[in-house]
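Below: the structure, in C-alpha cells.
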Amino acid sequence: MICVIGAALVAMIYLNIASQTAEAGLEIQNMQDTISQLQQQIADQNSTLAWLTSATLMKARAQSMGFEMAMPQNELYIVVPGYQGRSTAVIAPSTTSALPQSLIRPSYTQSLWEWMFQGIFSINANQNGQ
C-alpha cells in the first residue's frame with residue numbers, strides 16, 4: 001500500500017512539474033510572438049518615418065508652407081563683432097588627468113616566460129657561483 005501511495009505521489013509531482021513546464025513554454029511562445037509583432041511595428045514605423053522625412057516629401061511640404069529655395073543673391077551674411085562662434089560641447093571631463101600613471105603594479109608586468117627564464121638563469125648563476 002505504501003508503494004502505491006509513493007508511486008502516486010511521484011506521479012503527481014511529475015505531472016505538476018510537466019504542466020508547469022508546458023505552461024512556461026506557452027508563455028515563452030506568446031512572448032516571442034509579442035516580440036515579433038513589436039519588431040514588425042517598429043520596422044513599419046521606421047519606414048513610415050523614412051518616407052515622411054524623404055527629401056522630395058520634405059521639399060513639397062516646405063513649398064506648401066510658403067518656403068522658397070535660398071538663392072545666393074538673396075542670402076545676407078551679417079558679421080557680429082565679438083561673436084566667437086559656437087563653442088564645442090564638453091561631454092565628459094578628461095580621464096587622463098584623473099587616472100594614476102599606472103593601474104598595474106610593476107610586479108604584474110613580467111610575463112610568464114620572463115619569470116621562468118629569470119628563475120632558470122638565477123639557478124644557473126647560483127650553481128656556477130658556488
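Of all residues in the stretch 42-75, those being of a type in the set (Phe, Trp, Tyr) and outside any loop (DSSP other than H, G, I, E, B) number 1.
Kindly indicate whether Ala62 is at pLDDT below 90 and open to solvent by less than 80 Å² (accessible area, probe 1.4 Å). Criteria not met by Ala62. Applying a threshold of 6 Å to beta carbon distances and a minimum spacing of six or more residues, or different chains, the list of pairs starting in the stretch 113-130 at a residue that is at pLDDT 75 or above and ending at one that is small (Gly, Ala, Ser) is empty.
The values are calculated or read from the model by the stated rules, or taken from the named source; none is laboratory data. Quick caveat: nothing in here was measured; it's all calculated off a predicted structure. As a convention, Cβ positions derive from the backbone with ideal geometry for all residues, glycine included, and neighbour counts pool all protein chains shown. Accessible surface areas use protein heavy atoms only, side chains included; no ligands, DNA or RNA. Shrake-Rupley method; radii C 1.70, N 1.55, O 1.52, S 1.80 Å.
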